1. Going by C-beta contacts inside 10 Å, put 12, 95 in order with the fewest on the left.
2. In whole Å, what are the extents of segment 33-90 along the principal axes defined by its C-alpha atoms, from largest to smallest?
3. Just subtract the alpha-carbon distance of residue 293 and residue 172 from 0.36 nm times their residue separation and send over the number in nm, one decimal.
4. Need one number: the % of Cα-Cα pairs in segment 66-211 sitting beyond the 28 Å mark.
5. Sort 304-316, 52-64 by the packing proxy (mean of other Cβ within 10 Å over each peptide's residues), most packed first.
6. Find the centroid of the Cα atoms in segment 180-248 and in segment 45-124, then give the distance between the two in whole Å.
7. Say each of residue 306 and residue 66 gets a label point 7 Å from the Cα, pointing the same way as Cα to Cβ; how far apart are those two points in nm?
8. What translational D, rounded to a whole number of µm²/s, comes out for segment 290-389 from Stokes-Einstein when the hydrodynamic radius is the Kirkwood one over Cα pairs, at 37 °C and 0.692 mPa s?
Amino acid sequence: IGVGQNITERKHNEMDRTQMMSAIDNLDTGVALFDFDDRIVFSNKAFRTINQGITGYTVPGTSFDDYLKANVNDALALADDLDIETWMEERMAYHRAPSGTIEIQRQDGKTVQVLEQIIEEIGTILVVSDITASKLSQAQIIQASKLATLGEMATGVAHELNQPLNVIRLAADNLARKEEKGLLDSDTLRSKLDRISTQTERAAKIIDHMRMFGRESRETKQLFRVEKALTGALDMIKEQLRLDDIEIVLDINALSSAEDETAVLSVVGHQIQMEQVLLNLFGNAKDALREIEENKTIRIGLAADTNDNVKITVSDNGVGIPAKYQERIFDPFFTTKKPGQGTGLGLSVSYGIVRDMNGTIEVESVRGATQFTILLPNAKERQIVTEEI
Ligand code: ADP
């Protein structure tokens, strides 16, 4: 007995399936699928390449737990303020209820981005991509703008350094004169030497801060108090503002002064980058006030917003931003300043830094009043903004 059956459709389906699997297998992005028992059913070539040291844990049957543990031991570079247990807990929390993406900093210097998604009746799909290159170019742009800011601030800093140097010179001259006349007693000597030492410390502090600010940072994100960044930025620019007759008015919510590092008004990110954002805003405000005759003022507000955000405002009573420019000021290279006075990078870099901290930056401006408002998630409790963990 012969039985004939038309299997064209089945063959087509098989072909489609094989082609699809081959396409996924050859993707540049790492893909792994976990079933509802949380075991790998499939992983592609790129997934194995990204997990090079632990390919044994990328094969079908491996549990998510084992995969994660192997990953932690083999590749994870942990931020200073995080321990492995906390990291594992946060990572598992994301795995159980994924939302958005997370970034992981690895020991080999690579940054990978992880996206998980639960797909009904199938399981969890895990997508891993190597984003080191884009992170690096982002870091380079930040660095370029930082160096430009440093350049623009050079005069103010030179002026600021001059003060302790002058005091030191006076003290030394004074000592020499007294010594010549045979009038040098040990009390005078002690007090002048103390003054020299304090002023040297002051100068060293200024230089140290500039050096720290200028350094390229590849460090991981950390919890820090916004007020510290504010003080750091103000320390660097206040002399320049004073020379321009600009008054600084601070309106800082008292809660932020709590000694506890984890108290309100702490955020997760890089303190130096936050200083950079603030310096850009202060620098722009200073420029906007250049043509104003009197009452030049920069107001700085720092407070807890109602929606669990930290709110930072920087306002000036300068020329204002014409409406037609307001949409463009955050674009890279948009500047209304003369060559050599502006790069047009300040606000676009600031925008990137704030966005990277899961925050927002907005502007409101009319003639005679400009206000920038930054909102950042208040990190009073450590949360899963697990960038570069
Ligand atoms: P740059 O300062 O190098 O020009 P930015 O990206 O920091 O670059 O700023 C872009 C432009 O936005 C400035 O050239 C200026 O026209 C405008 N701007 C920014 N802040 C203010 C401000 N506080 N008042 C008026 N204009 C501003």
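1. 12, 95
2. The Cα atoms of segment 33-90 stretch 35, 24, 14 Å along the principal axes, largest first.
3. Going from the current span to full extension adds 39.5 nm.
4. Roughly 55 percent, rounded to a whole number.
5. Output ranking for 304-316, 52-64: 304-316, 52-64.
6. Cα centroid of segment 180-248 versus Cα centroid of segment 45-124: 43 Å apart.
7. Label at residue 306, label at residue 66, 5.3 nm between them.
8. 215
Only the coordinates and a few stated rules stand behind these numbers; no lab work does. Predicted model, so just to flag it, every value in this text is computed and none were measured. We place every Cβ from the backbone using ideal geometry, glycine too, and count neighbours over all the protein chains shown.
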